[in-house]
1. Return yes or no: is Leu580 open to solvent by 90 Å² or more (accessible area, probe 1.4 Å), over 30 Å from Arg377 (Cα atoms) and either touching a residue at least 60 places away in the same chain (Cβ under 8 Å) or assigned to a helix (DSSP H, G or I) (or both)?
2. Within the stretch 397-409, does at least one residue satisfy the condition of being open to solvent by less than 50 Å² (accessible area, probe 1.4 Å), of a type in the set (Gly, Ala, Ser), in contact with a strand residue (DSSP E or B) (Cβ under 9 Å, 6 or more places away or on another chain) and at pLDDT below 90?
3. Restricting attention to the stretch 538-559, which residues are under 30 Å from Leu594 (Cβ atoms) and either open to solvent by 100 Å² or more (accessible area, probe 1.4 Å) or of a type in the set (A, V, I, L, M, F, W, C) (or both)?
4. Please tell me if Ala326 is small (Gly, Ala, Ser) and more than 22 Å from Ala241 (Cβ to Cβ).
5. Are any of the residues in the stretch 517-527 touching a helix residue (DSSP H, G or I) at 6+ places or on another chain (Cβ under 8 Å), among the charged types (D, E, K, R) and either modelled with pLDDT under 80 or open to solvent by less than 40 Å² (accessible area, probe 1.4 Å) (or both)?
6. Residues that are touching a Leu at 6+ places or on another chain (Cβ under 8 Å) and at pLDDT below 85: does the stretch 358-365 have at least one?
Amino acid sequence: MPSIVAAVRDLNRLRQIYLVLVRHGFGEIGQRLGFRGRSKSEPDPKALPAAADSRRGEGESIDVFVPEEAQKQGEEARRKISPAERVRLCAMDLGPSFVKLGQIASTRPDLLPPEWIVELKKLQDEVTPLPFKDIEAAVETALGAPITDLYERFDERPLAAASIGQVHRAVLRHPEGPREVVVKVQRPGIRSTVTSDLELLHALATLIERVIPESRIYSPSELVDQFDRAITSELDFLLEADNAARFSRNFAGYRPVDTSEPPPDAAAPGAITGDLASTSRSSVRFPFVYRQASAKQVLTLEYLPGFKVYDAIREHGHEGPLIAKASVGILIKMIFEDGFFHADPHPGNILIMGTPAQPIFGFIDLGMVGRLSPEMRDRTIDLMIAAVRQDHLGVADALYAIGTPTRKIDMRAYRAHVSVLAEKYLGRPLKEIDLAAMLADLINGATKFGIEIPPDFFLVGKALMTIEGVGKELDPDLDVFGEARPYFLDLLRRRYSPERIGMDLWRGVERLSTTAYDLPQQTREILEELRLGRLTVHTSDTSLPQVVDRLGRRLFAGLVVGAFLLSGTWLIATGAQIILGAVLLGSGLAYLLLHVAQDLLKRWR
């Protein structure tokens, strides 16, 4: 049996993982992965002689002492707690890397059942704050200067603490005068911890798929790969600085237009205009990054003096419906106009500034972002437009265009299945449509037919679901589709505007001219290979291996049966061994019948 010992160096961490699995009722899975629980009464294998310890050696099981209390906890957990909740509790016990992996998994409704998604969404990335002396040392090491030379004031008490880092308020020394800032500091040693956990997770995912075949439907390796990309980008704070700068450029001068006003003649740069759904006039801000006091492990950001969403409504007179409708417009601009969006727009990452009549939105924690290529944006817009128009076949075709088929698909059955799913939602009034449930069902339907949905589309779904959930808390009557419809129609008009069509035509002409330029050279190279006798053509026949296998088995069977028959006939004819000859003849006939039966059975299968 394959073992994880050869792939992972940190055996103490492996033993810790197994104990957590046992405590939450997953001891059997640990045993299938190569662990062996050892009670107190059993001897320690390390104390046994090498010859007596049959389990020692690379590639064998890992012996772990399991307290009796842990075994009882596991048995009780299996009886009283659902598997999904036990997985969430395991992630919490195993630490930040596994918590973040669970959060990533909660965005994949195509891989996990709904009850698992609900449980994993409860995971919170909260840890005990580090002592200030550790933070001070980390800042000075990363920026190469004493903290008092960089900041006039640096609050010792953190604003927030998470697994990757913690945030402190400070006053930055600046040539143009002091600046109110927040400083995000990476926890010392977190990079090595994450690297070690990633190595472990990759090895575990590969091993799980190998020894637990039923786990492959959840694609453990794919989830770990997605987590690897996300956590690696979060560990480089300068990438978050670049994200903040890009968001600021995208939203420069952004101010949604009131739909009650006549549409302007021309669109302002960087703003969605026309028949917009939001009835608010809001602007959006992202914290400015002070590069002179930033590095990969430390990020100094402008302090945004705003309030959390719920506090702004309860204590400062802001209107929930106004904020909800404006949030929908902001997210739609991020996703469908810019193709660059905040992947986790929950209320904790949004600050409300400005006046109740004209709120200003501040977005923070920009490390996790999603991207959509222009082609993927167009396809996603097609999906949303088809949903708004209640075009069932259009929804099926748009979803097919978004994904990548992994096998031959019965399009008639696929369209019928998606149409049934779409009818469940699109037959209702727009404001009664549950966007989150609809997207999850459509994605599951596509996955059932072998259509692989790209990871960034799941981030789109997660962002839309988050905004929808928060928006309906702020405004129970929020009609997300009604608010979004004018945005999508405006984006659709832009797609087919003369400028866009002209640009697409020009791009096509450029590609055609490049192809025309390369064609003579490529043709000449092929003819030259043909003249020199170096041109080879490779073909693939998928049925050839089966044909060769069948032919080989028939030849072998013919030789065996022939040998039996000739030997038996000779022995009977000479009268030397009549009984043995009869046995050989019978064996030859039996082998022939067995071979024919096997051949017919394989054909029938």
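The values are calculated or read from the model by the stated rules, or taken from the named source; none is laboratory data. The model shown is predicted, which means the values in this text are computed figures rather than measured ones. With ideal geometry, Cβ positions are generated from the backbone for all residues, glycine too; neighbour counts draw on all protein chains shown. The protein model used for the area step is the full one, side chains on, heavy atoms only, and it has no ligands, DNA or RNA in it. Shrake-Rupley method; radii C 1.70, N 1.55, O 1.52, S 1.80 Å.
1. Numbers: open to solvent by 90 Å² or more (accessible area, probe 1.4 Å): no; over 30 Å from Arg377 (Cα atoms): yes; either touching a residue at least 60 places away in the same chain (Cβ under 8 Å) or assigned to a helix (DSSP H, G or I) (or both): yes.
Answer is no for this residue.
2. Here is the first cut: in the stretch 397-409, the ones open to solvent by less than 50 Å² (accessible area, probe 1.4 Å) are 398-399, 401-403, 409.
Among the residues that remain, those that are also of a type in the set (Gly, Ala, Ser) are: 398, 401, 403.
Still in the running and in contact with a strand residue (DSSP E or B) (Cβ under 9 Å, 6 or more places away or on another chain): 403.
Narrowing the set further to residues that are at pLDDT below 90 leaves 403.
The answer is yes, given that some residue of the stretch 397-409 is open to solvent by less than 50 Å² (accessible area, probe 1.4 Å), of a type in the set (Gly, Ala, Ser), in contact with a strand residue (DSSP E or B) (Cβ under 9 Å, 6 or more places away or on another chain) and at pLDDT below 90.
3. Initial filter on the stretch 538-559 (under 30 Å from Leu594 (Cβ atoms)): 541-559.
Across the stretch 538-559, the qualifying residues are Thr542, Leu544, Gln546, Val547, Val548, Leu551, Arg554, Leu555, Phe556, Ala557, Leu559.
4. Working: small (Gly, Ala, Ser): yes; more than 22 Å from Ala241 (Cβ to Cβ): yes.
So Ala326 fits the description; yes.
5. Keep residues of the stretch 517-527 that are touching a helix residue (DSSP H, G or I) at 6+ places or on another chain (Cβ under 8 Å), which gives none.
Taking every residue of the stretch 517-527 in turn, none turns out to be touching a helix residue (DSSP H, G or I) at 6+ places or on another chain (Cβ under 8 Å), among the charged types (D, E, K, R) and either modelled with pLDDT under 80 or open to solvent by less than 40 Å² (accessible area, probe 1.4 Å) (or both).
6. There is no residue in the stretch 358-365 that is touching a Leu at 6+ places or on another chain (Cβ under 8 Å) and at pLDDT below 85.
Conditions tested, residue by residue: (1) under 30 Å from Phe307 (Cα atoms); (2) within 18 Å of the chain's Cα centre (by Cα); (3) part of a loop (DSSP other than H, G, I, E, B).
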position: Ala357; (1), (2), (3): yes, no, yes
position: Gly394; (1), (2), (3): no, no, no
position: Tyr400; (1), (2), (3): no, no, no
position: Lys408; (1), (2), (3): no, no, yes
position: Thr447; (1), (2), (3): no, yes, no
position: Glu468; (1), (2), (3): yes, no, no
position: Lys472; (1), (2), (3): yes, no, no
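Residue-wise test of (1) in a helix (DSSP H, G or I); (2) at pLDDT 70 or above; (3) in contact with a His (Cβ under 8 Å, 6 or more places away or on another chain); (4) open to solvent by less than 20 Å² (accessible area, probe 1.4 Å).
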| position | (1), (2), (3), (4) |
| --- | --- |
| Val5 | no, no, no, no |
| Glu28 | yes, yes, no, no |
| Arg55 | no, no, no, no |
| Gly59 | no, no, no, no |
| Met92 | yes, yes, no, no |
| Gly102 | yes, yes, no, yes |
